[in-house]
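Participant: Below you'll find the structure I mean.
The values are calculated or read from the model by the stated rules, or taken from the named source; none is laboratory data. Please read all numbers here as calculations on a predicted model, not as lab measurements. Glycine also receives a Cβ, built like all others from the backbone with ideal geometry; neighbour counts cover every protein chain displayed. Heavy atoms of the whole protein, side chains included, go into the accessibility calculation; ligands, DNA and RNA do not. Shrake-Rupley method; radii C 1.70, N 1.55, O 1.52, S 1.80 Å.
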Amino acid sequence: MSNFRINISRKLGELLVVNSLITQEQLNEALEFQRKSGLKLGQILIEKGFITERQLLEFLSKQFSMKFIELSTVDISPEIVNLIPEATARRYLLIAFSKKDNLLSVAMGDPLNIVVLDELKLMTGYNIEPVFALENDIQAAIDKYYGVESSKEALNEILKKTGSEEKDADLAVVEKKDDSGIVNIENKEEMAPIIKMVNIIISSAIKSHASDIHIEPSYKETRVRFRIDGVLQPQPSIPKKFHNAIVSRLKIMADLDISEKRIPQDGRIKLRFSNKEIDLRISVLPCVYGEKVVMRILDSSGLKLRLEDLGFEPENLAIFSKCIRAPHGINLITGPTGSGKSTTLYSALSTLNTPDVNISTIEDPVEYNLEGINQVNVNPDVGLTFASGLRSFLRQDPDIIMVGEIRDFETMSIAINAAMTGHLVFSTLHTNDAPGAITRIIMMGIEPFLISSTLLMVVAQRLVRTICKGCREQYEIKPEFLLSLGVSKTIIEQNSIGGKIILYKGKGCDKCANTGYRGRVGIHEILEITDPIRELIVEKASSGKIKEVARKMGMITLRESAIRKMMAGLTTVEEVMRVTASDVD
């Protein structure tokens, strides 16, 4: 979409019709849209595809007897560029590109703005020759010519702060994609500082095993943060004046519209880094001080597909393994965003993925590609929703179906129908604990007897950070404190040595960025739908009552699962309290 700045009149619109650049019907449609939206007529004509920005600018240049320039082909002297301050150039979208005697030629986003022309004349002391140029070309020239030296200084400062080597700064994104659609990151001798900054941010995040990169504009600077082991960690900040250039670079990599700054945009980049394929999911959101960028890093090489690696307690692993191998029914995984639900689902599917089984998934989006499994991306724009995709799957002779998320009555009812007709269904749901999923499904409008007859198990899960092995150390703690956490007297007695309890924590070292943690492991609460639980579901019992009965039957809660990890020396007291704060009776 365009952000066209020139406000052309209705009369100029009629001249476009006379010159056969648009039709009368297109002009009428644009004028009607302008009346409702208040947008500029030229902007509407471009956004609706009735005319290109180049065609409109060439037409306007003839009408106003002004020049139109291909700014991308012009080599501009720094001496001329610096006649206009960078702040002014960015504010009004303009750049000086030529000077002859007392005449300064300036490419402008809106060369008809007399107020700006007068300001430029007073500022520079030259007479101003306004020239038409494509807005993208002007923005690119501003990013290219302003602050080259200061951007190099900023880059060097970032290199020092991050401890990156110069060769890391030389990482480059090759613009031409290969046949697989992968963008290659490789070394280059010559590279713009902005590109190096972007590559340092991405490569540093990958090396730090971050799951997300946050690039956030503030009033004075651009803040960079990595989400490592579920917690956001600040990185060296970047001077604010480079923010737009960094965002533009990321948009180019993700094939997004660099001129559109008013609406959110989403994209995807595939990278090859250190012989690994990395997926980046990019979300751009307009904020008060500029566009915020969040990148989700999906590294398939780090995907754990063995059930034994997910952190299940032996009792939970036995239940989980039994339920995922049932001939039909529904298995649900619950938990907040970032709790590892997708990894658990992929692990289950990978375990069941054999040549004699037909597995189909519909996801939003597909995070990891699994060989031998038919995976579909949700696309609401063309009517491909979880419900419609699931309905189509039933005509594809599947044995196992995975639905990325159940959000409504329609999707849940189709899933139940699939389970009742002999299919094994996996999905996710957003609830705080396993028993709460029952209440959530009933609130969707599903009859309790349908739930009790199709549901196999509900798994609630979280991720706790594990203690760094490089700086792990032990300390003593009083048994009374553990009792307050919900640790049973039996467990305390089993782990007591001479009346003392030994726990572990990370001191902090270079390997864990002085956090004391490195990596995460799952904690799980598995509600198996046994006959007593089915009776409670049919009776519409509260989630509290279901949890009470399930615990008497041996269900391990999230807090109890975390405590086991703590007593085994895998995580800390602080992590147990942070992650399971809501799981307290």
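Participant: In segment 404-422, what residues are open to solvent by less than 10 Å² (accessible area, probe 1.4 Å) and outside any loop (DSSP other than H, G, I, E, B)?
Facilitator: Listed by number, the residues that qualify are THR411, MET412, ALA415, ILE416, ALA418, ALA419.
Participant: Also, quick follow-up: So which of ILE246, ILE258 ends up being more than 15 Å from the chain's Cα centre (by Cα) and open to solvent by 10 Å² or more (accessible area, probe 1.4 Å)?
Facilitator: On the way: ILE246 fails: open to solvent by 10 Å² or more (accessible area, probe 1.4 Å).
Answer to the check: ILE258.
Participant: Which of the numbered conditions does GLU476 fail, given that it passes all the others? Conditions: (1) closer than 29 Å to LEU317 by Cβ; (2) in contact with a strand residue (DSSP E or B) (Cβ under 8 Å, 6 or more places away or on another chain); (3) open to solvent by 60 Å² or more (accessible area, probe 1.4 Å).
Facilitator: That leaves (1) as the condition not met.
Participant: Report yes if GLU535 is under 30 Å from GLN233 (Cα atoms), open to solvent by 60 Å² or more (accessible area, probe 1.4 Å), at pLDDT 90 or above and out of contact with any helix residue (DSSP H, G or I) (no Cβ under 7 Å at 6 or more places or on another chain), otherwise no.
Facilitator: Numbers: under 30 Å from GLN233 (Cα atoms): no; open to solvent by 60 Å² or more (accessible area, probe 1.4 Å): yes; at pLDDT 90 or above: yes; out of contact with any helix residue (DSSP H, G or I) (no Cβ under 7 Å at 6 or more places or on another chain): yes.
Judged against the criteria, GLU535 is not a match.
Participant: Filter segment 70-80 down to residues that are over 37 Å from the mean Cα position of the chain (by Cα), crowded, with 16+ Cβ neighbours inside 10 Å and in a helix (DSSP H, G or I), then give me how many there are.
Facilitator: From segment 70-80, those over 37 Å from the mean Cα position of the chain (by Cα) are 74-80; that's our starting set.
Next, from what is left, pick out any that are crowded, with 16+ Cβ neighbours inside 10 Å: 76, 80.
Then keep just the ones that are in a helix (DSSP H, G or I); that gives 80.
Summing the residues that are over 37 Å from the mean Cα position of the chain (by Cα), crowded, with 16+ Cβ neighbours inside 10 Å and in a helix (DSSP H, G or I) in segment 70-80 gives 1.
Participant: Continuing with this model, one more query. Being in contact (Cβ under 8 Å) with a residue 24 or more places away in the chain and within 12 Å of ILE416 (Cα to Cα) is the filter here; which residues of segment 429-455 pass it?
Facilitator: Initially, segment 429-455 is screened for residues in contact (Cβ under 8 Å) with a residue 24 or more places away in the chain, giving 429-439, 441-442, 444-446, 448-455.
Selection gives ILE441, ILE446, PRO448, PHE449, LEU450, ILE451, SER452, SER453, THR454, LEU455.
Participant: Additional query: Tell me, please, whether a residue that is under 21 Å from GLU539 (Cβ atoms), open to solvent by 10 Å² or more (accessible area, probe 1.4 Å), among the charged types (D, E, K, R) and touching a strand residue (DSSP E or B) at 6+ places or on another chain (Cβ under 9 Å) can be found in segment 388-403. Can you show your working first?
Facilitator: Initial filter on segment 388-403 (under 21 Å from GLU539 (Cβ atoms)): none.
No - not one qualifying residue is present in segment 388-403.
Participant: For the list (1) part of a helix (DSSP H, G or I); (2) over 34 Å from the mean Cα position of the chain (by Cα); (3) buried (at least 16 other Cβ atoms within 10 Å of the Cβ); (4) charged (D, E, K, R), I need the number of the one condition that LYS99 fails.
Facilitator: Failed condition: (1).
Participant: Next question, about the same structure. Take THR88 and decide whether it is at pLDDT below 90 and either open to solvent by 40 Å² or more (accessible area, probe 1.4 Å) or over 30 Å from PRO234 (Cβ atoms) (or both). Working first, answer last.
Facilitator: Working: at pLDDT below 90: yes; either open to solvent by 40 Å² or more (accessible area, probe 1.4 Å) or over 30 Å from PRO234 (Cβ atoms) (or both): yes.
Yes, satisfied.
Conditions tested, residue by residue: (1) farther than 30 Å from ALA415 by Cα; (2) under 30 Å from the mean Cα position of the chain (by Cα); (3) modelled with pLDDT under 90.
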site: PHE449; (1), (2), (3): no, no, no
site: THR466; (1), (2), (3): yes, yes, no
site: LYS469; (1), (2), (3): yes, yes, no
site: VAL487; (1), (2), (3): yes, no, yes
site: ILE497; (1), (2), (3): yes, no, yes
site: GLY516; (1), (2), (3): yes, yes, no
site: ARG520; (1), (2), (3): yes, yes, no
site: HIS524; (1), (2), (3): no, yes, no
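Participant: Only one residue in ASP279, ASP255 is assigned to a strand (DSSP E or B), of a type in the set (Asp, Glu) and more than 15 Å from ILE215 (Cβ to Cβ). Which one? Give the derivation first.
Facilitator: Numbers: ASP255 fails: assigned to a strand (DSSP E or B).
Of the residues listed, the single one that is assigned to a strand (DSSP E or B), of a type in the set (Asp, Glu) and more than 15 Å from ILE215 (Cβ to Cβ) is ASP279.
Participant: Condition first: open to solvent by 60 Å² or more (accessible area, probe 1.4 Å) and modelled with pLDDT under 90. Can you find one or more residues in segment 102-110 that meet it?
Facilitator: Applying the first criterion (open to solvent by 60 Å² or more (accessible area, probe 1.4 Å)) to segment 102-110 yields 102-103.
From what is left, the residues that are modelled with pLDDT under 90 are none.
Checked segment 102-110: no residue is open to solvent by 60 Å² or more (accessible area, probe 1.4 Å) and modelled with pLDDT under 90.
Participant: Here's a check for you: in segment 558-585, which residue that is open to solvent by 50 Å² or more (accessible area, probe 1.4 Å) and assigned to a helix (DSSP H, G or I) is nearest to GLN461 (Cα to Cα)?
Facilitator: So the first thing to find is which residues in segment 558-585 are open to solvent by 50 Å² or more (accessible area, probe 1.4 Å), and the list is 560, 564, 568, 570, 574, 577-578, 581-582, 584-585.
Those still in the list that are assigned to a helix (DSSP H, G or I) too: 560, 564, 574, 577-578.
Working: GLU560: 12, ARG564: 14, GLU574: 18, MET577: 15, ARG578: 14 Å.
Among those residues, the one meeting the criterion is GLU560.
Participant: Moving on. Which ranges mark the strands (runs of 3 or more DSSP E) fully within segment 457-531 that have 2 or more residues being over 29 Å from GLY335 (Cα atoms) and of a type in the set (A, V, I, L, M)? First the steps, then the outcome.
Facilitator: Numbers: elements: 472-477, 500-506, 517-528.
It comes to 500-506.
Participant: Let me ask something additional. Would segment 30-45 turn up any residue that is open to solvent by 60 Å² or more (accessible area, probe 1.4 Å) and under 15 Å from ILE138 (Cβ atoms)? Walk me through it before giving the result.
Facilitator: We begin by selecting, within segment 30-45, every residue open to solvent by 60 Å² or more (accessible area, probe 1.4 Å); these are 32-33, 35-36, 38, 40.
If we keep only those that are under 15 Å from ILE138 (Cβ atoms) too, we end up with none.
No, the conditions are met nowhere in segment 30-45.
Participant: Can you give me the number of residues within segment 540-557 that are in contact (Cβ under 8 Å) with a residue 60 or more places away in the chain and either under 23 Å from MET444 (Cβ atoms) or in a helix (DSSP H, G or I) (or both)?
Facilitator: Filtering segment 540-557 down to residues in contact (Cβ under 8 Å) with a residue 60 or more places away in the chain leaves 540, 542-544, 546-547, 550, 554-557.
Filter once more, so that each one left must be either under 23 Å from MET444 (Cβ atoms) or in a helix (DSSP H, G or I) (or both): 540, 542-544, 546-547, 550.
The number of residues fulfilling the criteria is 7.
Participant: Only one of PHE449, PHE426, PHE409 is closer than 21 Å to LEU345 by Cα and touching a helix residue (DSSP H, G or I) at 6+ places or on another chain (Cβ under 9 Å). Can you tell me which?
Facilitator: Values: PHE449 fails: closer than 21 Å to LEU345 by Cα; PHE409 fails: closer than 21 Å to LEU345 by Cα.
None of the others qualify; the one that does is PHE426.
Participant: Check THR344 against each of (1) in contact (Cβ under 8 Å) with a residue 60 or more places away in the chain; (2) touching a helix residue (DSSP H, G or I) at 6+ places or on another chain (Cβ under 7 Å) and name the one condition it does not meet.
Facilitator: It is condition (2) that THR344 fails.
Participant: Select from segment 350-375 the residues that are outside any helix (DSSP H, G or I) and either hydroxyl-bearing (Ser, Thr, Tyr) or open to solvent by less than 30 Å² (accessible area, probe 1.4 Å) (or both) and list them in ascending order. So that I can check it myself, show each step before the final result.
Facilitator: Here is the first cut: in segment 350-375, the residues outside any helix (DSSP H, G or I) are 353-375.
THR354, ILE359, SER360, THR361, ILE362, GLU363, VAL366, TYR368, LEU370, ILE373 - these are the residues of segment 350-375 that are outside any helix (DSSP H, G or I) and either hydroxyl-bearing (Ser, Thr, Tyr) or open to solvent by less than 30 Å² (accessible area, probe 1.4 Å) (or both).
Participant: Just checking, does segment 502-510 include any residue being within 25 Å of ILE556 (Cα to Cα), open to solvent by 60 Å² or more (accessible area, probe 1.4 Å) and of a type in the set (Phe, Trp, Tyr)?
Facilitator: Restricting attention to segment 502-510, the residues satisfying the condition of being within 25 Å of ILE556 (Cα to Cα) are 502-505.
Checking the rest, the ones that are also open to solvent by 60 Å² or more (accessible area, probe 1.4 Å) come to 505.
Next, only the ones that are of a type in the set (Phe, Trp, Tyr) stay: none.
Checked segment 502-510: no residue is within 25 Å of ILE556 (Cα to Cα), open to solvent by 60 Å² or more (accessible area, probe 1.4 Å) and of a type in the set (Phe, Trp, Tyr).
Participant: Which one is farthest from ALA210 (Cα to Cα), of the residues in segment 282-296 that are open to solvent by less than 40 Å² (accessible area, probe 1.4 Å) and not charged (D, E, K, R)? Working first, answer last.
Facilitator: Filtering segment 282-296 for residues open to solvent by less than 40 Å² (accessible area, probe 1.4 Å) gives 282, 284, 290-291, 293-295.
Pick out the ones that are also not charged (D, E, K, R) and you get 282, 284, 290, 293-295.
Numbers: ILE282: 14, VAL284: 19, GLY290: 24, VAL293: 15, VAL294: 12, MET295: 10 Å.
Applying the filter and picking the extreme gives GLY290.
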